[in-house]
Structures are given as structure tokens and as C-alpha cells.
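Below is one structure, written out as C-alpha cells, with a few remarks after it.
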Amino acid sequence: MVKSQRPPSGRTNLASCIVATIFLIFLVIIVLIVYFTVFKPKDPKIYVNSIQLPSFSVGNNSVSFTFSQYVTVKNPNRVAFSHYDSTIQLLYSGSQVGFMFIPAGKIESGQTQYMAATFAVQSFPLAQPNQAAAATTIPIPGATTTVAATVTEPVGVTAGFGGGNNVNRVGPTMEIDSRMELAGRIRVLNVFAHHVDAKSECRVTVAVNDGSVLGFHC
């Protein structure tokens, strides 16, 4: 006579569920630790190596030139960085004078890529030297009154030291701002997509007489 097997008790099922739950929690913790220590998304870094103006023309209080910027982009992530919708913008006295789209591309994990952007900037007027007045009170010995002396200093096109790498050079200079942005994403474990971007902003000092770059600060 064959005896029928008894079905597993509810206590056995409960123990199995507890073991499975503990295992899943432990697995999730391991995944989170790996994610935040190894695959945590990081923004790429942009290092500006050189800025040049290969051609430069000035006349009738306006300038036009060709702008070139050479940069190094470092991807610190353990996965590839795909960039798109990236731009470089040139501003003078707060107004945009030049703009360029950067072609889409990919930088592999831990790799460094060299980029060069060159574009023509159409003629734009130089800022008029505004007279920024500052009143200084000068006491006159033996007098009961004082004289307010007005000191004026032109701004916009600056006459004097150009600064930067050629601080000994004297002459009229102008300052332009270069803003570069690489926007893109990385895909962690081929599942999680994260938006990251890299930005750089540099102020460039240019000699107005010949268009030489006297220096830049980023």
C-alpha cells in the first residue's frame, strides 16, 4: 500500500520566502554599492589648451576675425560618454558675436579626446569707451570748503596692459568670453541612462592692433 506524501507545511513556505527576500535584499545592496563606487556618473572635464585668432581685421571701429580653440576632454567614467547638442559660444560685452555647433561623438571610458573648433566671426562694433565717473573729495588746506574732483576712466576697449601671458605688452585691448558645453549621456550596465555634461568658460584678452591673444583665464 502506497502512502500519500504530505504537502509542505505553511511554515516551510514561510521560511523559503524569508530566505528569498533576504537574498534579494542582499543582491540589491551589492548592486547599489557597485553602482555608487564604480559606475557612479561623473561629468567629463574640459581643459582649454590654446586659443588663437588666425585672422583678424579691424576698421571703422569694428572687428572681424577667425576664432580657434583647442581643448582636451577627459571622460572619467567607466562607460563611454556620448555627446550631442554641444556648442561653443563667443560673447563680447555680454552679446553673442559667434556660435558653432559641435558634431556629435563618443569618448570611450577613461579616455581623453582632443578637439579643435574653428569658425569665422562676422564684423561687430567695438564697445564705445564709456566715461565712468567717480567723484573724489579733495580737502584744500586753509579753506572751509572742499573740491569734488571727477576722475574718468574709459571702459570697453581698454588702453594699457593686456594681461595674461604677455603682461609687458602695452596697447588697446578687448576681452571676449568663450563658452563651451558638451552635453550627452552615459549608459550604466547598458540599462541606466544618465545625462552628463561638461562646461568651460574662458575670458580672452586680445590686442586690438594686431589681434594677438595676450592671454586667457578659464
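The values are calculated or read from the model by the stated rules, or taken from the named source; none is laboratory data. Predicted, not measured: the structure shown is a model, and the values here were computed from it. Quick reminder, even Gly has a Cβ in these numbers, built from the backbone with ideal geometry, and neighbours come from all protein chains shown. Heads up: the accessible areas ignore ligands, DNA and RNA and are worked out on the full protein's heavy atoms, side chains in. Shrake-Rupley method; radii C 1.70, N 1.55, O 1.52, S 1.80 Å.
Would it be correct to say that Tyr70 is aromatic (Phe, Trp, Tyr), assigned to a strand (DSSP E or B), farther than 20 Å from Glu175 by Cβ and open to solvent by 30 Å² or more (accessible area, probe 1.4 Å)? Against the criterion (aromatic (Phe, Trp, Tyr), assigned to a strand (DSSP E or B), farther than 20 Å from Glu175 by Cβ and open to solvent by 30 Å² or more (accessible area, probe 1.4 Å)), Tyr70 does not qualify. Say we look at segment 164-198 and pick out the residues that are of a type in the set (Gly, Ala, Ser) and either modelled with pLDDT under 70 or open to solvent by 90 Å² or more (accessible area, probe 1.4 Å) (or both); which of these is farthest from Asn77 (Cα to Cα)? Here the residue is Gly171. The condition of being open to solvent by less than 20 Å² (accessible area, probe 1.4 Å) and not aliphatic (A, V, I, L, M) holds for only one of Asn49, Asn75, Asn60, that being Asn75. Output yes when any residue across segment 43-56 is out of contact with any strand residue (DSSP E or B) (no Cβ under 6 Å at 6 or more places or on another chain) and not in a strand (DSSP E or B), and no when none is. Taking every residue of segment 43-56 in turn, none turns out to be out of contact with any strand residue (DSSP E or B) (no Cβ under 6 Å at 6 or more places or on another chain) and not in a strand (DSSP E or B). Which pairs do you get when a residue that is surrounded by fewer than 15 Cβ atoms within 10 Å (Cβ to Cβ), found in segment 80-93, comes within reach of a residue that is of a type outside the set (A, V, I, L, M, F, W, C), reach meaning Cβ atoms under 6 angstrom, with the pair 6+ apart or on two chains? Sorted first by the residue in segment 80-93, then by its partner, the pairs are Tyr84/Gly184; Thr87/Glu181. Scanning segment 199-211 for residues that are within 18 Å of Phe99 (Cβ to Cβ) and open to solvent by 10 Å² or more (accessible area, probe 1.4 Å) turns up Lys199, Ser200, Glu201, Arg203.
Quick one: is Ser123 at pLDDT 95 or above and of a type in the set (Gly, Ala, Ser)? For Ser123, the condition - at pLDDT 95 or above and of a type in the set (Gly, Ala, Ser) - is met.
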